[in-house]
Amino acid sequence: METKVYRIKDIEKDFWAIDEAAALIRQGQVVAFPTETVYGLGANARHGQAVDRIFKAKGRPNDNPLIVHVSKAEDIEPLVLEVPPETHALIEAFWPGPLTIILKKSGVVPHETTAGLTTVALRMPNHPIALALIERSGVPLAAPSANTSGRLSPTMAQHVLEDLSGAIPMILDGIYPCQVGLESTVLDMSGENPVILRPGGITPGMLREVLGHVDLDESILKPADPRHSPRSPGMKYKHYAPRAQVIIFKGSSLKRMADKINEALDKYLGRGLKVGILATDETIHHYGQGRIVSMGRREEPATIATGLYTSLREFDKAGVDIILAEWVEEKEEGLAIMNRMIRAAGFQVVDTTQ
Ligand code: TXA
Ligand code: MG
């Protein structure tokens, strides 16, 4: 199959491309499109066979449910049993934006979309192309990140093409890299208490301001306990991974962390390996060998979120064997950054604080 890529410079002038994409969606096809977090691979969420095409194109395990994207808050109503009052407040505060809300699903959402769960994940993305596509399709769009399952989420159309060229009919190219750069916060509002299942751009502090209290799922920074079935099935897979092995270093000070990374660097270079260093603007001067990349500024963790996947891809391009990565403080946006980094590392963390 040929994969068409349409560059959308001016949403009004290039509306014909969105119309063509919407026509594909109505025919039960899949289309990749930009959102403010990462690119999504969308299909009609109410159509089981269309949704199956997403799973096939990505090679995604079919026990991993999808997020349903809407262009207007009221469009969630037919998809759910009820909208609890606190959920209205969340929608008011954070939609459109990087917050996915899980509610009890109604009968119109097919089991393919929710992987057989009784709940459905809902989000209104904050991107004009995504909103126009949903609107023109006239249906809610089930959309996971538009990457091959287990790989890094795409933040540019080129990344989607690298993974899915020939497997999908169309990519809408938003030209600019996705602003948030990490997938949305997933918040479960279907139980007694709100629980963050996956941290993202809407931070625990921002949610607490609206809800008063929010719990964090215990597997955010560690592997899910295999004795329980995970609340967010996606979190159990090795995820968000570049090709190289990743090892994270945690230190009592930035200097100590860098010293330990330099020690490991010498060891791996001595073995003839190609080594990458994932540093930050504040620490990059500590390093002098290997391929050194800054993921952003510690002072402003949102810049690290935006740059993380692009940095990891740079190492893949350079053919690096092993990436030595710095720990970032796991508060606010830092929690989402470490949630993804720890999974990219397969939970390998060297703690040098003792
Ligand atoms: O920012 C995003 O959320 C992007 C863009 C495209 O919107 N989408 C995205 O989708 O990251 P995906 O499929 O890569 O991740 C969805 C996550 C998975 O971890 C999945 O297990 C979880 O949401 N999820 C979806 N429905 C769920 C449900 N009903 N209950 C619990 N977790 C759910
Ligand atoms: Mg994904």
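The values are calculated or read from the model by the stated rules, or taken from the named source; none is laboratory data. What you see is a predicted model; the values in this text were computed from it and never measured. Positions of Cβ are backbone-derived with ideal geometry, glycine not excepted, and every protein chain shown enters the neighbour counts. Accessible surface areas use protein heavy atoms only, side chains included; no ligands, DNA or RNA. Shrake-Rupley method; radii C 1.70, N 1.55, O 1.52, S 1.80 Å.
Things to note:
- Built amide H within the under 5 Å cut-off of residue 350, gap 5+: 248, 249, 250
- Rolling a 1.4 Å probe across the protein heavy atoms gives segment 24-139 an accessible surface of 38 Å² per residue.
- Unsatisfied cross-links (Cα-Cα over 23 Å) in the set 72/105; 250/331; 105/331; 72/104: 105/331
- Cα-only Debye scattering, segment 308-354: base-10 log of I(q)/I(0) at q = 0.30, 0.31 Å⁻¹: -1.24, -1.26
- Proximal charge balance of residue 49 [Cβ under 15 Å; K/R count +1, D/E count -1]: +2
- For a modelled paramagnetic label at residue 104, 7 Å from Cα along Cα-to-Cβ, the residues of segment 182-221 in reach, with backbone nitrogen under 19 Å, are 187-195.
- At full extension, residue 350 and residue 243 could sit 36.5 nm farther apart than now, given 0.36 nm per residue minus the alpha carbon distance.
- Carbon and sulfur %, accessible surface of segment 38-102 computed with the full protein complex present, 1.4 Å: 48 percent
- Net charge of Cβ neighbours under 11 Å - reference residue 144; Lys, Arg +1; Asp, Glu -1: +1
- Rounded D (µm²/s) - segment 35-146, Kirkwood Rh over Cα pairs, Stokes-Einstein at 20 °C, 1.002 mPa s: 155 µm²/s
- Where N is the number of residues in segment 214-354, Cα Rg divided by 2.2 N^0.38 Å: 1.03
- Distance between segment 271-343 and segment 177-230 - C-alpha centres, whole angstrom: 23 Å
- Convex hull volume per residue for the chain, taking Cα atoms only, in Å³: 138 Å³
- Where labels lie 7 Å past Cα in the beta-carbon direction, separation of residue 56 and residue 111 in nm: 2.0 nm
- For segment 271-354, the set of GluC sites (Glu not before Pro) satisfying both a DSSP loop assignment and a count of at most 14 other C-beta atoms within 10 Å is given as 282, 299, 329.
- In this simple spin-label approximation, residue 5 and residue 321 carry label points 7 Å from Cα along the Cα→Cβ vector, and these lie 3.2 nm apart.
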